[in-house]
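Reviewing the structure listed below.
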Amino acid sequence: MVAVDDSAAMIDLARRRLGARAEVVQADLNHPLPFDASSFDLVLCALVIHHVPDRAACLREFNRLLRPGGHVVLSTHHPTADWLRKGGSYFDVKEEEDTWHRDEASYRVRFWREPLTSLCAAMTESGFLVERLVELLPAPSMREHSPDHWEKLQREPGFIAFRLLKPAAPHA
């Protein structure tokens, strides 16, 4: 198993938590990754792709890394969630910024907002087939800890997940 992150702090944390169970590599998804082609059977990309400026290039890199028949499991913001929160046209592809507050500190976070058509086109144009798309509902346990968020996520999707397949033979 290999774990990748661009943050030195996250790399240190992952190395402490994972020990010898995984190779932990600092790398930037905006650039080619330091692995040979067809090195992996699975790429897991959880809540990261919307922070990458060129999502199509990142997906092409994932395709390069996968063996034929390999998969990408990817989650991201649901496109309607950011549109409902930020307004404007759902069909815009644009960089957004939020400010997160945690432990009396504030963090500026940049991410890309795009319609589902654009994200799916980046996937298929990168050589993948979309095997499955899941609009995630909150876990029942969230209802107790965060009832307002739980209720909202019952009505408005917040996240979306995809299972992508790298076909054994290129598709048309």
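Residue check: is Leu119 at pLDDT 95 or above and in contact with a Phe, Trp or Tyr (Cβ under 6 Å, 6 or more places away or on another chain)?
Against the criterion (at pLDDT 95 or above and in contact with a Phe, Trp or Tyr (Cβ under 6 Å, 6 or more places away or on another chain)), Leu119 does not qualify.
Can you tell me which residues in segment 62-120 are among the acidic types (Asp, Glu) and within 15 Å of Phe162 (Cβ to Cβ)?
Scanning segment 62-120 gives a single hit, Glu114.
Applying the selection to segment 45-91, what residues are basic (Lys, Arg) and either under 15 Å from the mean Cα position of the chain (by Cα) or surrounded by 20 or more Cβ atoms within 10 Å (Cβ to Cβ) (or both)?
Across segment 45-91, the qualifying residues are Arg55, Arg60.
Results for (1) small (Gly, Ala, Ser); (2) at pLDDT below 95, shown as yes or no for each residue.
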site	(1), (2)
Gly19	yes, yes
His31	no, no
Ser39	yes, no
Cys45	no, no
His50	no, no
Gly69	yes, no
Lys86	no, yes
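All but one of (1) open to solvent by less than 50 Å² (accessible area, probe 1.4 Å); (2) closer than 22 Å to Met123 by Cβ; (3) among the β-branched types (Val, Ile, Thr) hold for Val4; state the number of the condition that does not hold.
So Val4 meets the others, but not (1).
Count, please, the residues in segment 9-35 that happen to be part of a helix (DSSP H, G or I), over 21 Å from Ile49 (Cβ atoms) and touching a residue at least 12 places away in the same chain (Cβ under 8 Å).
Residues meeting the conditions: 2.
Here is a list: Met142, Met123. Which entry is more than 26 Å from Gly88 (Cβ to Cβ) and either surrounded by 11 or more Cβ atoms within 10 Å (Cβ to Cβ) or not β-branched (Val, Ile, Thr) (or both)?
Met142
Filter segment 69-109 for residues that are basic (Lys, Arg) and either free of Cβ contacts under 8 Å to residues at least 12 places away in the same chain or not in a helix (DSSP H, G or I) (or both) and give the result.
Arg85, Lys94, Arg102, Arg108
For Gly158, are the conditions met, namely being open to solvent by less than 40 Å² (accessible area, probe 1.4 Å), modelled with pLDDT under 95, within 21 Å of the chain's Cα centre (by Cα) and within 16 Å of Leu74 (Cα to Cα)?
Answer is yes for this residue.
The values are calculated or read from the model by the stated rules, or taken from the named source; none is laboratory data. Predicted, not measured: the structure shown is a model, and the values here were computed from it. Here Cβ is always computed from backbone atoms with ideal geometry, including for glycine, and neighbour counts include all displayed protein chains. These area figures cover heavy atoms from the full protein model, side chains too; ligands, DNA and RNA do not enter into them. Shrake-Rupley method; radii C 1.70, N 1.55, O 1.52, S 1.80 Å.
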